[in-house]
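S.K.: Encoded as structure tokens, here's the structure I'll be asking about.
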Amino acid sequence: MGKSILTSILLFSTILLQAQTVVIEETVNKPAQKITKPSSIQGGAIWDLTFYGGADQKGIEGTLANSVGFNFLINAKYKFNNHFLTIGYLGFNTENYGFKKTSDNDSFPNNNGNNLEKYSLGAISGGLGFRFTTNKKAFLEIGAFAKYNYTRDLYIEKNDANGNVNEITIKDLNYINQFNYDAYARLGYKAISIVAYYRLNNVFSVSNIAPVVYEIPRLRLGISLGM
């Protein structure tokens, strides 16, 4: 009796297994995930607003005035890793160096009776820098600039015999060097930074005016917006 029951169970199980058929057979292939590698080259722009940062007034007496400068620089960055990149700059630069007399005996840079003399330089500038960043987007950048001065003007204010103020502009001064060279340092966080530019050469040319015993301040400090 037991053998008959066991034989019946085995036979029934075999029939059930053979009765199961595959209705749909499908092999699912997961789509390959596209890995996008961040570009190593990025672009950006920076605006600088600068002022006198020192009193390097060799041979100049009086009060510094009207010294605002402005830079607009586009850049291309090459990123080596998350903490180090190099930056190339190209843009426009303006710098003003003004001197206001404190008495009639002051000489800046001549003994003419002028109330104000302001040198205005407009330049095409190019530079190269190296930036070190932290995980929190703070950065330190150092580098250098070369500037071609396409404008070299002198603005003068002086009083005439009647006490009226006369304004005179002299353009293309040949005793101002055509090129200037700056070293710079920039310290910032994300899109805001402070910057220091230090001019490496003299503005006035020794060969075209004599005796040259004066020089305008070399250091400019400013604030920047942009990346």
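The values are calculated or read from the model by the stated rules, or taken from the named source; none is laboratory data. All figures in this text were calculated on a predicted structure; none of them were measured in a lab. Cβ: placed from backbone, ideal geometry, glycine included. Neighbour counts: every protein chain shown. Quick note on the areas: whole protein, heavy atoms, side chains included, nothing else; ligands and nucleic acids left out. Shrake-Rupley method; radii C 1.70, N 1.55, O 1.52, S 1.80 Å.
S.K.: How do V203, V165 stack up against each other in accessible area, from largest to smallest, with a 1.4 angstrom probe? Each step should come with its number before you reach the end.
M.R.: Working: V203 0, V165 85 Å².
Ranked from most to least accessible, the order is V165, V203.
S.K.: In square angstrom, what is the accessible area per residue of the range 124-227 with a 1.4 angstrom probe? Each step should come with its number before you reach the end.
M.R.: Numbers: 5750 Å² over 104 residues.
That works out to 55 Å² for each residue.
S.K.: What does the convex hull of the Cα atoms of the range 138-227 come to per residue, in Å³, rounded to a whole number?
M.R.: Roughly 141 Å³ of hull volume per residue.
S.K.: Please turn the phi angles of the range 68-84 into ³J(HN,Hα) values with the Karplus equation 6.51 cos²θ - 1.76 cosθ + 1.60 (θ = phi - 60°), one per residue in order, whole Hz, x for glycine and proline.
M.R.: Taking θ as phi minus 60°, the curve returns 5, x, 9, 10, 10, 10, 8, 9, 10, 10, 10, 8, 7, 7, 5, 10, 8 Hz for the range 68-84.
S.K.: Compute the FRET efficiency between N81 and L200 as 1/(1 + (r/R0)^6), taking r as their Cβ-Cβ distance and R0 = 30 Å, and round to the nearest 0.05.
M.R.: Numbers: r = 30 Å, r/R0 = 1.01.
E(calc), rounded to 0.05, equals 0.50.
S.K.: Let me ask another. Work out the FRET efficiency for A185 and V165 from their Cβ-Cβ distance, taking R0 = 41 Å, and round it to the nearest 0.05. Write down the numbers at each step before the final one.
M.R.: Working: r = 40 Å, r/R0 = 0.97.
Once rounded, the FRET efficiency stands at 0.55.
S.K.: Quick one: how many Å² of S205 are accessible to a 1.4 Å probe, rounded to 10?
M.R.: 10
S.K.: Show the residues, 5+ positions off or on another chain, whose built amide H is closer than 5 Å to the amide H of R218.
M.R.: Result for R218 returns D56.
S.K.: At a probe size of 1.4 Å, how large is the accessible area of Y198, to the nearest 10 Å²?
M.R.: Solvent-accessible area, nearest 10 Å²: 110 Å².
S.K.: Still on this structure, please answer the following. Order the following by accessible area, largest value first: D172, D182, D160. Probe radius 1.4 Å; ligands, DNA and RNA are ignored. Intermediate results must be reported in sequence, preceding the final value.
M.R.: Numbers: D172 105, D182 5, D160 55 Å².
Descending accessible area places them as D172, D160, D182.
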